[in-house]
Amino acid sequence: MSSEPPVYPGLYLPRTKFQHRYRTHVILFVMTLLTATAAGTSMTLDPNQSRGLTLSLLLGGLWYSIPLLVILGAHEFGHYFYCRKHDVDATLPYFLPFVPILTGTLGAVIRIREAFPSKKALFDIGVAGPIAGFVALIPFLYLGISMSQVAAIPPDAGAIYFGDPMLLKFFSWLHFGPLPEGQDIVLHPMGFAAWWGMLATALNLMPFGQLDGGHIAYAVFGRRASLISLATLSVVILLTFRSTSWISVTVMMVVMAFFLGVRHPRIVDEHEPLDQTRLLIAAIALAIFVVCFTPVPIQTFLPGK
């Protein structure tokens, strides 16, 4: 006598969760490693050197690309592991390659395939990514600054200015002390990887819509989070008048608001308050946002200006 359950025509069994296209993930990761390494290599190029690829240039690129992908991967795997913990179906991280300028990557994402079952699951999955990425970037930031140099800034030289988040200023002060007038830190490629990691962490923690910060704000404040989303969008629009580097972020958030709205999708137990431990973790996430945020991420100065 068979112990197997009968199969009826037209009856479909539930789809197995956490099924992955491993080949796609690996291909995208390798492509992103290549483009990020090329971007890191460009940071170490000497204008007086020949453009041929050398072992030292390749290693210089890896000083940047490997830390950056570790930080991005830690962020996304933080989300993924808590999806597994709460049995919320999700993909492994998709790394996104980009032309080898500035970052050399558009970051990494996971796709969550089903609705959040509870407010606790929403909060845990949302906050796990930024915290994991932040923990991963700290040693790279410290080591990157320790391998950086202080140099005089020519007054008539053109330059790209990268804003100093509070955490970077703190580690710079620990290692170099107060900098003399007219001098700045020439950041090591590993330090740049950590800098991009801080920027990504701060952007994701913005309390807007369905960003990680939007998930956290909704879990803490409920429906009032929509007002926080509107306030956040207003602040980002104002920041574009301070730095044009906010324009792309503003466009993205306006598009999200237009197509998805500023209200977070409802959770069945949205009126259930979070426990004290999660509220403390939310406060830690806010502190991480503060130390990673900079109001002027990138500023270009032309020669003679």
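Nothing in this text is a laboratory measurement; each read-out follows from the coordinates by a stated rule. Please read these numbers as outputs of a predicted model, since none were measured by experiment. Reconstructed Cβ throughout: ideal geometry from the backbone, glycine too, with neighbour counts over all protein chains shown.
Things worth noting here:
- When restricted to Cα atoms, the stretch 99-253 yields an Rg and a Dmax of 18.1, 58 Å, respectively.
- Pair-distance profile P(r), taking every C-alpha pair of the stretch 169-305, with 10 angstrom steps and integer %: 10, 33, 30, 18, 7, 1
- For H25 and D184, the FRET efficiency from 1/(1 + (r/R0)^6), where r spans their Cβ atoms and R0 equals 30 Å, is about 0.15.
- Estimated distance in nm for a label pair at H271 and I112, the labels positioned 7 Å out from Cα along Cα-to-Cβ: 2.3
- Per residue of the chain, the DSSP helices (runs of n ≥ 4 H) give a summed -39500 (n - 2.57) that works out to -18000 deg cm²/dmol at 222 nm.
- Taking all Cα pairs closer than 8 Å and separated by 6 or more residues, the relative contact order of the stretch 82-229 comes to 24 percent.
- Relative frequency of Cα-Cα separations exceeding 37 Å in the chain, percent: 23
- Percent of C-alpha pairs per 5 Å bin in the stretch 72-131, short distances first: 4, 20, 27, 20, 13, 8, 5, 2, 0.
- Most positive-pole-ward Cα, I284, M256, T201, against dipole of the stretch 187-305 from beta carbon charges: M256
- The stretch 89-168: mean projected area of Cα convex hull, nm²: 8.3
- Helix 55-85 and the long axis of the chain differ in direction by around 30°, with both axes built from C-alpha atoms.
- For I298, residues with placed amide H under 5 Å, excluding near neighbours: G163, S245
- Above-threshold pairs, the threshold being 26 Å between Cα atoms, out of K120/K169; K119/K169; K85/K119: K120/K169; K119/K169
- For the chain, the relative contact order works out to 20 percent when only alpha carbon pairs closer than 8 Å and six or more residues apart are counted.
- In degrees, nearest ten, helix 276-292 long axis to first principal axis of the chain (Cα): 30
- Degrees separating the helix 212-221 axis from the principal Cα axis of the chain, which is the longest one: 60
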